[in-house]
Amino acid sequence: MTLKFTNTLSRRLETFEPIHPGEVSLYTCGPTVYDTAHIGNLRTFMFEDLLKRFLIYKGYRVSHVMNITDVDDKTIDRAITEDLSLTELTEHHTRIFLEDLRTLNILPADYLPRATEFIPQMVESIKVLLEKGHAYRTDEGSVFFDVSSFPEYGRLARLDPEQLRSGERVADDDYQKDEARDFALWKARKPTDGDYAWPSQWSAGRPGWHIECSIMSTHFLGKHFDIHCGGVDNIFPHHENEIAQSRCLHNTPFVNLWLHSEHLIVDGQKMSKSLGNFYTLQDILDRQCSPEAVRYTLLATQYRQKLNFTFPRVQESQKAINRLRELVRRLEEVPSSQTGTRPEIPDKAVEAALDDDLNIAGALGAIFSWARELFGLMDGCDLSHEAASKSLEALRRYDEILGVIYFNLDSETGADIKRLIKERDQARKDGDWARADAIREELLTRGIILEDTSSGTIWKKG
Ligand code: AMP
Ligand code: ZN
């Protein structure tokens, strides 16, 4: 089956062909660790996790790099405001970020470089860009990239050439499309930067944000690699500038496939720190949402669609997970003597949907209609034991991509509930109805409903 993605470069659906057969090199822009990530940021990291898990599912060996932006305008400003050292601030937020990824069952990257570990390599590359005539130095010792020196500048973001004002400069790390100008590769230290400066032949200063990702991606993945991802707000200026720097440095192609996820929004607006309309993962967990339900919510909307975050949506996600978990339990309880129907496993439909630009809604649709069929057959005692085992294997496989069914399943008291059900069965056998009823009541207060069927007691979440 052919894997296709919408490449931001062409704005078209393209067949994916890795540079080296069977291997995928993947770079995903990591967090700027000046503050705790919000769930908008986490939506982008979740899309990248789905992408990576599906590539692995399809048999590719994935080499994944995610950087940690631990020096830029925001980190320095925040460290000074909070009277912390830059390292104290950034290590604190990096720890929380990595913990958030673990909580959400997001697979860790193979490499997690911090920008501050690569400053000498950045300085070297800026020197090359100066020598090649793609950059110039200012009187105060900063270095800017000359956008007029790279004719393809603006292709990714589809800039109008009229918008380009070469010779005019923008020093901020982040800026808007209508400020498309020469951008900073190296920034000479300003008094407001405190002590945060690194040596270079031009001045004591620090690299611009964009050169950081050009250098770290190439260091681990080579000059030309397969996929580069981020949120749509990274298209300009960050990724446009990365392309300009890398192409001018190496005169080779840089990235084949650019993928960008749409924003998570609240009340119609992008969730962002600057608008103050954000939740951290902890804010959501504090409202009794499970990590799996948050994961499902962030995952279940195709990455190119905006995701409107609401709490009822998280509850719906929990219900969907509960249903899949109930399916697992019921399948496990199909007696080994059971004969009956063997319904088709929806591998093809699931893979075809995800092959089509990660159409996760289509994949989930296929899984849930199959689940409905299985429940129906089990209700009528018409699912063969062999089919039940095959279905359980399929659910395990799909959960390698989804990461919501088996994750946290034991800590979600599965084992505990099974023990209580056994105890209740024994109480019923012994005629101890009071004890049996007490156990049913106890489970009910935890939202667990028991159902006595011909093949034993099953439980589900109410
Ligand atoms: P930052 O820490 O600001 O560099 O952002 C980390 C990642 O989150 C980047 O890939 C951004 O594009 C992405 N991002 C920021 N805000 C949102 C949002 N509201 N929805 C989805 N992704 C976002
Ligand atoms: Zn980046």
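The numbers here are math on the coordinates, done by the rules we state, and not lab data. These figures come from a predicted structure and were not determined experimentally. Note that each Cβ is placed from the backbone with ideal geometry, even for glycine, and that neighbours are counted across all protein chains shown.
Worth a mention:
- Between Tyr57 and Arg102, residue separation times 0.36 nm minus the direct Cα-Cα distance comes to 14.2 nm.
- Geometric descriptor of the chain, per residue, is 149 Å³ (volume of the convex hull of the Cα atoms).
- Going from the fewest other Cβ atoms within 10 Å to the most, the residues Ser203, Ser10 appear in the order Ser10, Ser203.
- Among residues other than His64 with Cβ under 9 Å from its Cβ, the summed charge is -1 (Lys and Arg +1, Asp and Glu -1).
- When the listed pairs Lys390/Lys460; Lys4/Lys390; Lys177/Lys270; Lys127/Lys223; Lys319/Lys429 are checked against a 26 Å cut-off, the alpha-carbon distance exceeds it for Lys4/Lys390; Lys319/Lys429.
- Between the helical axis of 433-445 and the longest alpha-carbon principal axis of the chain there is an angle of about 20 degrees.
- Where a label projected 7 Å from the Cα of Thr339 along Cα→Cβ would reach, residues of segment 370-404 with amide N under 17 Å: 381-388
- Two-site FRET efficiency, Glu386 against Lys461, from Cβ-Cβ distance with R₀ of 22 Å, rounded to 0.05: 0.20
- Angle of helix 209-221 to the longest C-alpha principal axis of the chain, folded into 0 to 90 degrees and rounded to 10: 60°.
- Antiparallel bridges, percent of DSSP beta bridges restricted to segment 15-132 (to nearest 5): 0 percent
- Here is the list for segment 234-299: trypsin sites (Lys or Arg not before Pro) lying in DSSP coil, each with at most 16 other C-beta atoms within 10 angstrom of its C-beta, are Lys273, Arg287.
- In this simple spin-label model, placing a label point 7 Å from the Cα along the Cα-to-Cβ direction at both Gln426 and Glu451 gives a separation of 2.7 nm.
- Taking 0.36 nm per residue of separation and subtracting the Cα-Cα distance, full extension of the segment from Arg329 to Thr192 would add 43.3 nm.
- Segment Arg158-Leu409, length gained on full extension (0.36 nm per residue, minus Cα span): 85.8 nm
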